[in-house]
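> Quick one: structure below, then a few questions.
Bear in mind that the values in this text are calculations on the coordinates, not laboratory data. This one's a predicted model, so the numbers in the text were calculated from it and none came from an experiment. In this analysis, Cβ positions are derived from the backbone assuming ideal geometry, glycine residues included, and neighbour counts consider all displayed protein chains.
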Amino acid sequence: MLLFADAPAWVTDYPISAVLLGLVMLVVGAEVLVRGAVWIALSVGMSPMAVGLTLVSIGTSLPELLVTLTAADGNAELGMGNVLGSNVANVLLIVGASAAIKAFQLKTRWLELGYMLVLTGLACLPFLFGSELARWMSGLMLAVLILFLFKLLARERVARKLLEDKPRDPTTATGWIVHLVLLVAGFVGLKYGADWLVHGASQIARDFGMDKAQIGVTVVAIGTSMPELATSVVAAMRGHSEICIGNVVGSNIFNIGAVLGGAGLLHPFAFDSGNLIVTLGLAIVSTVALTIILRKANGVPRSVGFVFLLTFFAFMAYSLWSKSPT
């Protein structure tokens with residue numbers, strides 16, 4: 001089942017333009033959606049970390065969800081590569097670029113970091129059991145995500161009781177209407193951006209003989225990570241480290257729990273795991289490294305940010321120029 005209709009003729013005729021326009025639509029759509037979501041969340045008294053872990057990360061993970069659902073029928077390597085490559089990009093590119101601009105200082109809790117590690121481990125299941133994302137695997141991923149959200153909301157309720165006397169900024173009916181419209185407009189932008197991007201990237205893969213897994217972990221993964229990058233860099237520059245790290249950690253959680261979980265439940269698919277082993281390994285290593293650094297350093301130093309960036313660019317070079325096994 002395809003989430004979207006077949007690609008318009010202009011997409012297959014001008015695939016590079018479709019990819020570029022899709023990227024623009026993804027970035028703009030996510031930015032608009034996140035603006036509306038953050039305003040609404042803060043208006044009802046959520047903490048900055050919870051905003052990053054939930055509404056911001058959900059909004060910026062929608063491109064991965066839509067692309068993976070679109071790619072599940074006939075472009076499985078592109079879809080799986082998109083999720084794994086996006087998680088690599090979230091840690092190495094987004095945290096790296098944000099920390100290189102301004103070092104993070106914050107305390108994180110084991111709740112979000114532990115679930116990020118658990119779900120990263122669950123992403124190994126399709127590789128261990130026949131190179132196929134089966135419904136039971138996706139159901140397990142989705143169940144872990146729901147448990148995480150339940151525990152996060154419980155933590156927020158406790159924190160809100162402790163801060164119930166804290167004054168909030170006044171809101172108006174007009175403000176609510178405007179920001180709800182932003183949510184809808186953002187989702188529309190993400191829908192069409194993901195559609196054009198995946199079809200354009202698939203056409204490029206066919207035209208130039210590139211492997212779909214390579215396209216997934218490079219062009220598509222970076223493209224669908226642009227919302228996270230834009231959001232996190234702006235948050236870092238403004239000193240909102242909780243939203244920045246919450247966005248990255250939450251996006252990695254949702255990419256596996258919601259994107260692979262949702263895609264596998266709707267449309268289980270098989271893929272060539274050999275083309276994605278390196279990406280899976282780097283996703284695991286980078287996730288563990290981020291967890292250790294956040295816990296030991298209470299943040300991310302600028303030096304670590306530069307190391308993350310260099311590692312990411314080395315991975316991109318490897319992905320583009322290495323020969324995929326046949």
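> Name the most mobile residue of Asn247, Asn275, Asn90, meaning the one with the largest mean-square fluctuation, in a Gaussian network model of the chain with Cα contacts below 10 Å.
Asn275
> Something else now. Considering the options Leu65, Pro268, Leu294, tell which one lies farthest towards the positive end of the dipole of the chain, charges being +1 on Lys and Arg and -1 on Asp and Glu at the Cβ, about the Cα centre.
Working it through, the farthest residue towards the positive pole turns out to be Leu294.
> Once you charge only the Cβ atoms, +1 for Lys and Arg and -1 for Asp and Glu, what is the size of the charge dipole of region 195-257 about its Cα centre, to the nearest 20 debye?
It comes to approximately 40 debye.
> Which residues make up the longest stretch of the chain that has no trypsin sites (Lys or Arg not before Pro) in a DSSP loop with at most 14 other Cβ atoms within 10 Å?
1-106
> Here's another thing I want to ask about it. Bin by bin, in steps of 10 Å, what percent of the Cα pairs in region 173-326 do you find, going until the bin that has the longest distance?
Cα pair-distance distribution for region 173-326, in percent: 8, 30, 36, 20, 5, 0.
> Right, here's the next one. Here are several values of volume of the Cα convex hull per residue in Å³: [x] 113; [y] 122; [z] 169. Which one was derived from the coordinates shown?
[y]
> Would you look at the GNM of the chain, springs on alpha carbons closer than 10 Å, and say which of Asn87, Asn298, Asn252 moves the most?
Asn298
> Going by how many other beta carbons lie within 10 Å of each one, how would you line up Met137, Met49, Met237, Met80, fewest first?
Ascending number of Cβ neighbours within 10 Å: Met237, Met137, Met49, Met80.
> Follow-up. For the chain, find the longest principal axis of its Cα atoms and tell me its angle to the long axis of helix 241-254, 0 to 90°, nearest 10.
40 degrees
> Within 10 Å of each residue's Cβ, count the other Cβ atoms and sort Ser61, Ser251, Ser286, Ser303 from fewest upward.
Going from sparsest to densest Cβ surroundings: Ser303, Ser286, Ser61, Ser251.
> Could I ask something else about it? Give me Thr172, Thr231, Thr12 sorted ascending by neighbouring Cβ count inside 10 Å, so fewest comes first.
Thr172, Thr12, Thr231
> A further question follows. Rounded to the nearest 500, what is the chain's calculated 222 nm mean residue ellipticity when only DSSP H runs of at least 4 contribute -39500 (n - 2.57) each, over all residues?
Taking each H run of at least 4 residues, the total per residue is -23500 deg cm²/dmol.
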